[in-house]
Amino acid sequence: MDEGAIKRQLRRITISAAVSGILLLVCGSIFWAYLMNSLNQTVLEQMQTETAETKRRIENQMSMDFQVLETLAVIIGYHNVMESAHFAEAISEANQHNAFDTMCYFPLEGNGVLATLGHEVETDMPIERLNANARSVIQRSFQGERAISRLFDSMLSQEKVFVYSVPVYVDGEIAGALAASDHIDIFTEILAADTVLGGGGYLHLLGSEGRFLIRSNQSVVKDGGDTIFDGTYIRESEKEKIRQAMARQEALKTSFQYEGKEYLCYLEPVGVNGWYIFCVNTRQWANASVYRMLNVVGILAAGLLALVVVFLSYGYRLMRRNNKELLYLAYHDPVTGANNFPAFTKSLEGSDLRPGTYYVAAINIYQFKFVNELFGKEQGDNLLRFVKQVLEGGLKKEEFFCREAGDLFYLCLRESDKETVRRRLETMMDRVSTASLQDGHNYRVLLYCGAVAGGSGSIMTHVLFALARAKEMQRNAVWFYDEELHKKEELENYMETHMHQALQDGEFKLFLQPKMDLHTGKVGGAEALVRWITSDGTFLFPGDFIPLFEENGFCTRLDMYMVECVCQQIRQWMDDGIQPIPISVNQSKLLFYETDYITRLWALVEKYQIPAQLITLEILEGLAVNNMEEMNRKIELLQQKGFRVSMDDFGSGYSSLNTLCNLRINELKLDRGFLMQTTQEENEKLRMIMEHIVQLSQSLHISTVVEGVETQENEALIQSLGCDYGQGYFYSKPIDAAAFSEKYMKKQ
Ligand code: C2E
Ligand code: MG
Ligand code: MG
């Protein structure tokens with residue numbers, strides 16, 4: 001994985017972690033808000049229910065009080081006892097037996113009677129002495145209304161009281177009003193029930209101006225003032241809402257903050273005198289256990305999230321560090337600290353290098369393994385580090401290099417001029433060599449270098465090829481890649497790796513070229529010439545592969561194979577009833593060094609049951625030069641078996657008439673060089689030499705063949721010289737055996 005991919009992955013991980021975190025947070029918050037909301041809703045509903053219940057109980061209390069008063073009013077009116085002397089006592093008596101504080105009766109005209117608990121009954125009391133609030137409700141009852149007064153301070157008890165008043169009828173006519181006062185405290189019991197919201201809330205009774213009529217002693221607000229509008233615990237905006245709701249006598253839900261806690265409130269009008277029931281609840285109180293649990297869960301979740309964030313960021317940092325280290329290891333050579341090969345190729349591929357603007361070079365230390373052996377691995381590593389330093393110092397901006405493995409370094413130089421590249425690279429190599437002598441050892445480190453111009457495909461293969469060539473050349477010099485040479489080597493490599501299989505698959509084909517009998521003008525024989533037709537149809541000529549096979553020894557196998565092909569062909573002709581002609585086969589000199597050569601040849605003619613006389617073995621002159629005796633012995637043995645021996649390409653190398661005289665061959669093939677037209681003068685010289693050779697051969701009973709007959713003139717010339725056979729394109733190019741049979745071999 002490269003740096004970019006790692007960074008991209010890191011980014012992906014970070015983003016997905018962050019997104020998951022945010023998602024978790026958002027979901028958690030939504031869930032939390034939903035839970036809180038539904039809890040609040042439940043609490044509010046509970047508050048409404050309980051407030052309504054309280055309101056109902058207040059109403060009950062009032063209606064009970066009215067009932068008591070009305071019953072009394074009916075009795076008084078029915079008996080019309082208001083004028084009686086005992087009326088005052090009767091009122092006082094009645095007052096003793098109910099829950100009222102004060103009771104009074106006022107006729108429509110004149111003074112009334114007033115009985116207060118613990119006080120003397122007042123008779124003949126003018127209505128003007130009554131509190132205005134009391135007076136007002138009594139006057140409303142004079143109109144037939146059942147009325148209840150606002151709160152006022154009782155003159156007698158100095159407490160907050162209110163007055164109920166009902167009309168008294170005599171014979172269906174309003175005669176006066178019966179009124180009774182009571183402490184507001186009669187509602188305290190109702191409001192103070194500590195069962196409000198399961199003990200988690202409390203109720204106040206408010207007057208029309210928001211004044212606390214009954215204040216719960218459970219109130220959380222200790223210094224709130226006389227009205228709910230005093231104090232700062234209720235926000236101004238909420239106060240405004242309360243005022244508006246009160247003006248319209250509507251219920252309202254609100255909240256306030258006190259000492260850092262939020263309290264939910266509910267205001268419900270009682271329906272009498274603008275009174276309100278003010279219900280307060282503390283969240284923490286109302287559903288204490290649920291809130292506690294939720295809080296715990298919330299804290300846990302937040303903690304968990306924080307932990308995840310911490311772990312993630314830790315993991316991220318760890319990964320980054322590890323990746324950095326990994327990246328360093330992935331792209332650096334641990335011995336020298338230079339970039340390594342993957343880093344080099346990455347730079348090569350990733351950079352903006354245009355063909356023709358750069359060179360890639362490979363530098364190697366000549367026989368580095370000896371440095372290791374002689375001075376130890378430590379010194380070897382030091383040398384590598386030194387080479388790295390020198391190369392690094394020799395680079396320009398935006399150029400790069402690496403150490404691949406062992407002592408192989410690659411460089412990329414941004415140069416377009418070959419000679420500049422050569423100079424720069426040679427300077428670097430010389431610097432290493434010179435320094436190596438100064439470290440006390442008498443060992444001069446030498447290098448070699450291959451280089452290739454950028455832009456060609458498979459640049460790294462080419463630079464290695466150039467390096468391999470450089471190794472065979474001068475030290476501390478640069479060898480530049482050569483396309484032709486490389487192609488040749490590639491072909492050689494192909495041939496060497498495929499030759500065995502090709503032989504098995506019959507890719508080596510027998511081609512035949514006729515040898516013309518110059519005396520009769522008929523085909524007097526043929527030369528077997530091999531062609532390699534590869535599996536993809538490529539035609540390879542002997543010149544491409546014979547030198548290679550001579551080098552690697554495969555030629556002996558191929559030659560024996562060709563002899564067998566020739567035997568097969570002759571057998572075929574004989575079987576087909578065709579008079580066979582002798583065929584010459586080229587023989588590698590290597591065969592002559594094999595002890596069982598003749599045996600194997602003999603085995604082949606035996607196998608195909610053909611006369612050995614039909615096989616001519618073509619050898620090269622050079623073979624005989626060093627050991628004439630031994631050669632003659634071999635030739636004699638072959639001739640004893642019936643084979644004929646021909647000397648090929650005579651006159652092409654260091655031919656000598658001496659060899660011709662001493663070697664007991666049957667045939668001499670004059671190289672086609674003799675017929676190659678040059679100057680008139682040289683032509684004449686060659687003609688004379690040929691004439692001598694032919695004459696000498698005739699006297700030695702050696703038949704003569706001239707190769708390379710390409711024209712009528714060539715033929716006329718060799719005929720005039722008395723040559724026996726002519727071979728060349730003038731007659732035919734080498735053609736495959738079947739075509740040859742078709743063209744030249746006629747059934748008799
Ligand atoms: P060579 O034995 O001297 O074969 C004659 C070569 O000259 C053949 O080339 C042939 O095609 C070519 N030739 C014939 N007539 C003319 C002509 O009129 N003009 C010109 N310019 N060339 C002519 P080829 O087939 O490419 O063979 C080249 C050489 O390869 C042969 O030279 C021979 O030394 C060697 N060779 C061919 N086949 C074998 C083989 O099976 N075994 C061995 N060991 N060597 C072989
Ligand atoms: Mg030949
Ligand atoms: Mg030849």
Exercise for review: Please state which one of Glu93, Glu89, Glu83 is charged (D, E, K, R) and either assigned to a loop (DSSP other than H, G, I, E, B) or not assigned by TED's automatic domain parsing to the domain that holds Ala175 (or both).
Suggested key: Glu83
Exercise for review: For the stretch 356-365, indicate whether the set of residues that are surrounded by fewer than 18 Cβ atoms within 10 Å (Cβ to Cβ) and either touching a helix residue (DSSP H, G or I) at 6+ places or on another chain (Cβ under 9 Å) or under 21 Å from Arg469 (Cβ atoms) (or both) is non-empty.
Suggested key: no
Review point. Quick check: is even one residue across the stretch 393-406 in a helix (DSSP H, G or I), surrounded by fewer than 18 Cβ atoms within 10 Å (Cβ to Cβ) and among the acidic types (Asp, Glu)?
Key: no
Review point. Given (1) crowded, with 20+ Cβ neighbours inside 10 Å; (2) away from ligand 2 (no atom under 16 Å from the Cβ), where does Gly728 come up short, assuming only one miss?
Key: (2)
Review point. Can you name the residue in the stretch 537-582 that is closer than 18 Å to Glu667 by Cβ and touching a Lys or Arg at 6+ places or on another chain (Cβ under 9 Å) and is also farthest from ligand 2 (Cβ to nearest atom) among such residues?
Key: Pro580
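Among residues belonging to the stretch 597-648 that are in a helix (DSSP H, G or I) and in contact with a Leu (Cβ under 6 Å, 6 or more places away or on another chain), point out the one that is nearest to ligand 1 (Cβ to nearest atom).
So the residue we want is Tyr597.
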Study note, to complete from the structure: When (1) part of a loop (DSSP other than H, G, I, E, B); (2) surrounded by fewer than 20 Cβ atoms within 10 Å (Cβ to Cβ) are applied to Phe100, the one that fails is (2)
Exercise for review: May I ask you to verify whether Gly260 is crowded, with 16+ Cβ neighbours inside 10 Å and not hydrophobic (A, V, I, L, M, F, W, C)?
Suggested key: no
Exercise for review: Count, please, the residues in the stretch 656-674 that happen to be within 12 Å of ligand 3 (Cβ to nearest atom) and not in a strand (DSSP E or B).
Suggested key: 4
Review point. Among the residues of the stretch 628-642, is any assigned by TED's automatic domain parsing to the domain that holds Ser703 and within 15 Å of ligand 2 (Cβ to nearest atom)?
Key: no
Practice item. Filter the stretch 160-205 for residues that are part of a helix (DSSP H, G or I) and either within 26 Å of Glu70 (Cα to Cα) or of a type outside the set (Val, Ile, Thr) (or both) and give the result. Key: Ile184, Asp185, Ile186, Phe187, Thr188, Glu189, Ile190, Leu191, Leu197, Gly198, Gly199
Exercise for review: Give Ser208, Ser157, Ser216 a once-over and let me know the one that is of a type outside the set (Lys, Arg), in contact with a strand residue (DSSP E or B) (Cβ under 7 Å, 6 or more places away or on another chain) and not in a helix (DSSP H, G or I).
Suggested key: Ser216
Check your understanding: Within the stretch 597-636, how many residues turn out to be within 16 Å of ligand 3 (Cβ to nearest atom) and not β-branched (Val, Ile, Thr)?
Key -> 7
**Study point:** Residue, farthest from Val585 (Cα to Cα), within the stretch 683-740, restricted to residues that are of a type in the set (A, V, I, L, M, F, W, C), in a strand (DSSP E or B) and within 16 Å of ligand 3 (Cβ to nearest atom)
**Key:** Val706
Review point. Before we move on, is Ala739 more than 26 Å from Pro580 (Cα to Cα), of a type in the set (A, V, I, L, M), within 16 Å of ligand 1 (Cβ to nearest atom) and free of Cβ contacts under 8 Å to residues at least 24 places away in the same chain?
Key: no
**Study point:** Residue identified as part of a helix (DSSP H, G or I), in contact (Cβ under 8 Å) with a residue 40 or more places away in the chain and not hydroxyl-bearing (Ser, Thr, Tyr) among Arg531, Arg557, Arg571
**Key:** Arg557
Review point. Pick from the stretch 120-154 the residues that are assigned to a helix (DSSP H, G or I) and more than 16 Å from Pro107 (Cα to Cα): which of them is nearest to the chain's Cα centre (by Cα)?
Key: Asn133
Practice item. Give the residues of the stretch 504-522 that are among the charged types (D, E, K, R), assigned to a loop (DSSP other than H, G, I, E, B) and more than 60 Å from the chain's Cα centre (by Cα), sorted by residue number. Key: Lys522
Exercise for review: Test Ile610 against the criterion of being touching a strand residue (DSSP E or B) at 6+ places or on another chain (Cβ under 7 Å) and on the phi < 0 side of the Ramachandran plot, and give yes or no.
Suggested key: no
Check your understanding: Take the residues of the stretch 574-596 that are assigned to a helix (DSSP H, G or I) and closer than 20 Å to Phe549 by Cα: which is nearest to ligand 3 (Cβ to nearest atom)?
Key -> Lys589
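The values are calculated or read from the model by the stated rules, or taken from the named source; none is laboratory data. For clarity, every value in this text was computed on a predicted model and none was experimentally measured. Every residue, glycine among them, receives a Cβ derived from its backbone with ideal geometry; neighbour counts consider all protein chains shown.
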